[in-house]
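J.: Please find one structure pasted underneath; my questions will follow.
The values are calculated or read from the model by the stated rules, or taken from the named source; none is laboratory data. Since the structure is predicted, the reported quantities are computational estimates derived from the model, not experimental observations. Here the Cβ is made from the backbone with ideal geometry for all residues, glycine too, and neighbour counts use every protein chain on show.
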Amino acid sequence: MAEADSGLPRGRRRDMVRRHRARAAGPAGCVRVGPGRPRAAAMRIGIVGYGYIGRFIAERIAESGGRFETAFVHNRSAAALADLDPALRLDDLEQAGTRDPGLIVECAHPSISARYGEAFLKCADYMPLSVTALADDAVRERLEAAAAARATRLLVPATATSSAG
């Protein structure tokens, strides 16, 4: 009787009830905080390159109110990381996966994507800001294949794919 009162066909109402129950159980990647809605767990972001852009990203993460966390920061020059919490420093990029990042952002040099991009995509989504690395078809194809094989994403900033027309 209640289904007839809803004005929705029986199958559609059943689907809506299932979706509601699934939402109430809490989506994957969320933690329940008290009686209310679940809050998404903080996304852990690894930063490769700690120059102007890397520092800017780290500052925005710190100001995010817990929505994001810094998983690690790597820079070719250790001196650039002197003001950073030692627990956040990562000396060897091959060890990036041990820090459990959800996203790795490269803001260093295009050679990073060619050398480490596939390893990054084994453990996280990867966003190269030095997008000229993707102009090399072999590098781009390797990264796309690695992302597809591991169900991670190669994220290319929209401005890199826009035409300047």
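J.: Looking at the range 75-84, which of the residues that are touching a strand residue (DSSP E or B) at 6+ places or on another chain (Cβ under 8 Å) and assigned to a helix (DSSP H, G or I) is surrounded by the fewest Cβ atoms within 10 Å (Cβ to Cβ)?
T.: My answer is 78.
J.: Tell me which residues, restricted to the range 101-130, are over 18 Å from residue 70 (Cβ atoms) and among the small types (Gly, Ala, Ser).
T.: Scanning the range 101-130 gives 111, 113, 114, 117, 119, 130.
J.: A further question follows. Can you go through 108, 149 and tell me which one is in a helix (DSSP H, G or I) and either over 19 Å from residue 43 (Cα atoms) or at pLDDT below 95 (or both)? Spell out the reasoning first.
T.: Values: 108 fails: in a helix (DSSP H, G or I).
Every option except 149 fails the conditions.
J.: When you check residue 39 against the structure, is it modelled with pLDDT of 55 or more and loosely packed, with under 15 Cβ neighbours inside 10 Å, yes or no? Quick ask: steps written out before the conclusion?
T.: Working: modelled with pLDDT of 55 or more: yes; loosely packed, with under 15 Cβ neighbours inside 10 Å: yes.
Yes.
J.: Hey, does the range 115-127 have a residue that's aromatic (Phe, Trp, Tyr), in the same structural domain as residue 48 (by TED's automatic domain parsing), part of a strand (DSSP E or B) and more than 14 Å from residue 50 (Cβ to Cβ)?
T.: Taking the range 115-127 as the starting set, the residues that turn out to be aromatic (Phe, Trp, Tyr) are 116, 120, 126.
From what's left, in the same structural domain as residue 48 (by TED's automatic domain parsing): 116, 120, 126.
Imposing the further condition that a residue be part of a strand (DSSP E or B) reduces the set to 126.
Going one step further and asking which of them are more than 14 Å from residue 50 (Cβ to Cβ), we end up with 126.
Yes.
J.: Sort through 72, 56 and tell me the only one that's assigned to a strand (DSSP E or B), without any contact (Cβ under 8 Å) to a residue 60 or more places away in the chain and under 18 Å from residue 104 (Cβ atoms). Explain how you work it out, then say what you get.
T.: Details: 56 fails: assigned to a strand (DSSP E or B).
Answer to the selection: 72.
J.: Let me ask something additional. Does residue 60 meet the test of being more than 18 Å from residue 157 (Cα to Cα) and either outside the structural domain of residue 137 (by TED's automatic domain parsing) or surrounded by fewer than 18 Cβ atoms within 10 Å (Cβ to Cβ) (or both)? Working first, answer last.
T.: On the way: more than 18 Å from residue 157 (Cα to Cα): no; either outside the structural domain of residue 137 (by TED's automatic domain parsing) or surrounded by fewer than 18 Cβ atoms within 10 Å (Cβ to Cβ) (or both): yes.
No.
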